[in-house]
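> Please see the structure below; I have some questions.
The values are calculated or read from the model by the stated rules, or taken from the named source; none is laboratory data. Just so it is clear, the model here is predicted, and its values are computed rather than measured. Backbone-built Cβ (ideal geometry, glycine too); neighbour counts: all protein chains shown. Areas reflect the complete protein model, heavy atoms only, side chains present, ligands, DNA and RNA absent. Shrake-Rupley method; radii C 1.70, N 1.55, O 1.52, S 1.80 Å.
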Amino acid sequence: MVMVRLELVLDSWKVVRGDTINAIDDFPAAEFDYRPTPDVMTFGEIARHILDASDGLTGLLLAGDENFATPDFREKLKKHMRSAGAGAPGLAAALRESIDQRTAELAARPSDFFSHMITRMDGQRITRLEMLQFVKEHELTHRAQLFLYLRMKGIVPATTRRRMAKPAAR
């Protein structure tokens, strides 16, 4: 049996979240309603979706919900979503608060909590740890959208800036 360590998943998610927050901090606050085409979410909507989805899904996990494939799934998510202050600073602060709170709550759970099987939204049976990995992957997907919007505005994402700075430091 291959085992993924909880600590690795949580630490990795913190890094992903930090870069999500960097994208929000880097994007012009006055342009949070920017969308490249009418049929996609705005930058601000994507950022808010990251917060809502991660809070909602981890909230359900922590509450012991075992079936995410129910008709009232979206209503159940809302119980675990948090409010955010105004604009980009408020959203960035809520994302920071969320990752700190949720990773601490998850880290405090016993290891057998994460091996428990649940039903994902699509009906697939997975462990709670696999669901947590899904939450992180979901954020990665939407973080990539934020990075694309940054690039469309001529802004280099923090991940690329860090990579570019490494050779210069050698």
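> Quick one: would you say residue 150 is modelled with pLDDT of 95 or more, within 13 Å of residue 19 (Cβ to Cβ) and crowded, with 18+ Cβ neighbours inside 10 Å?
yes
> Kindly list the number of the only condition in (1) exposed (fewer than 15 other Cβ atoms within 10 Å of the Cβ); (2) modelled with pLDDT of 95 or more that fails for residue 17.
Single failed check for residue 17: (1).
> Spot the failing condition for residue 69; the list is (1) of a type outside the set (Phe, Trp, Tyr); (2) surrounded by 16 or more Cβ atoms within 10 Å (Cβ to Cβ); (3) farther than 14 Å from residue 142 by Cβ, and only one is missed.
Evaluating residue 69 over (1) of a type outside the set (Phe, Trp, Tyr); (2) surrounded by 16 or more Cβ atoms within 10 Å (Cβ to Cβ); (3) farther than 14 Å from residue 142 by Cβ leaves (2) as the failure.
> Mind listing whichever residues of the stretch 28-40 are in a loop (DSSP other than H, G, I, E, B) and within 18 Å of residue 92 (Cα to Cα)? So that I can check it myself, show each step before the final result.
We begin by selecting, within the stretch 28-40, every residue in a loop (DSSP other than H, G, I, E, B); these are 28, 32-40.
Of everything in the stretch 28-40, those that are in a loop (DSSP other than H, G, I, E, B) and within 18 Å of residue 92 (Cα to Cα) turn out to be 28, 32, 33, 34.
> Taking only the stretch 118-128 into account, find how many residues are in contact (Cβ under 8 Å) with a residue 24 or more places away in the chain and either farther than 16 Å from residue 53 by Cα or surrounded by fewer than 18 Cβ atoms within 10 Å (Cβ to Cβ) (or both).
Looking only at that region, the number is 6.
> Looking only at the stretch 56-83, which residues are within 15 Å of the chain's Cα centre (by Cα) and among the hydrophobic types (A, V, I, L, M, F, W, C)? Even if it seems obvious, please write down each step before you answer.
Of the stretch 56-83, the ones within 15 Å of the chain's Cα centre (by Cα) are 56-61, 77, 80-82.
57, 60, 61, 77, 81, listed by residue number.
> While we're here: Among the residues of the stretch 108-115, is there at least one that is under 19 Å from the mean Cα position of the chain (by Cα) and among the charged types (D, E, K, R)? Walk me through it before giving the result.
Of all residues in the stretch 108-115, those under 19 Å from the mean Cα position of the chain (by Cα) come to 114.
Narrowing the set further to residues that are among the charged types (D, E, K, R) leaves none.
Looking for residues that are under 19 Å from the mean Cα position of the chain (by Cα) and among the charged types (D, E, K, R), one finds none in the stretch 108-115, hence no.
A quick yes/no check of all residues on (1) among the aliphatic types (A, V, I, L, M); (2) free of Cβ contacts under 8 Å to residues at least 12 places away in the same chain:
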residue: 4; (1), (2): yes, no
residue: 17; (1), (2): no, no
residue: 25; (1), (2): no, no
residue: 30; (1), (2): yes, yes
residue: 53; (1), (2): yes, no
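> Now a separate question. Among 55, 11, 25, which is the only one that is surrounded by 19 or more Cβ atoms within 10 Å (Cβ to Cβ) and part of a helix (DSSP H, G or I)? If you could, list the steps in order and put the result at the bottom.
On the way: 11 fails: surrounded by 19 or more Cβ atoms within 10 Å (Cβ to Cβ); 25 fails: surrounded by 19 or more Cβ atoms within 10 Å (Cβ to Cβ).
Of 55, 11, 25, the one residue that is surrounded by 19 or more Cβ atoms within 10 Å (Cβ to Cβ) and part of a helix (DSSP H, G or I) is 55.
> Here is a further query. Among the residues of the stretch 135-145, is any more than 27 Å from residue 22 (Cα to Cα) and free of Cβ contacts under 8 Å to residues at least 24 places away in the same chain? First the steps, then the outcome.
Keep residues of the stretch 135-145 that are more than 27 Å from residue 22 (Cα to Cα), which gives none.
Taking every residue of the stretch 135-145 in turn, none turns out to be more than 27 Å from residue 22 (Cα to Cα) and free of Cβ contacts under 8 Å to residues at least 24 places away in the same chain.
> Just for helices (runs of 4 or more DSSP H) wholly inside the stretch 61-170: which have at least 1 residues that are under 29 Å from residue 29 (Cβ atoms) and of a type in the set (A, V, I, L, M, F, W, C)?
Working: elements: 73-78, 87-107, 111-115, 128-152, 158-169.
Per the criteria, 73-78, 87-107, 128-152, 158-169.
> Please state which of the following conditions residue 43 fails to meet, knowing it meets all the rest: (1) touching a Gly at 6+ places or on another chain (Cβ under 6 Å); (2) open to solvent by less than 10 Å² (accessible area, probe 1.4 Å).
(1)
> Suppose we keep only residues that are among the basic types (Lys, Arg) and either in contact (Cβ under 8 Å) with a residue 12 or more places away in the chain or in contact with an Asp or Glu (Cβ under 7 Å, 6 or more places away or on another chain) (or both) within the stretch 74-104. Which one would you say is most open to solvent (accessible area, probe 1.4 Å)?
79
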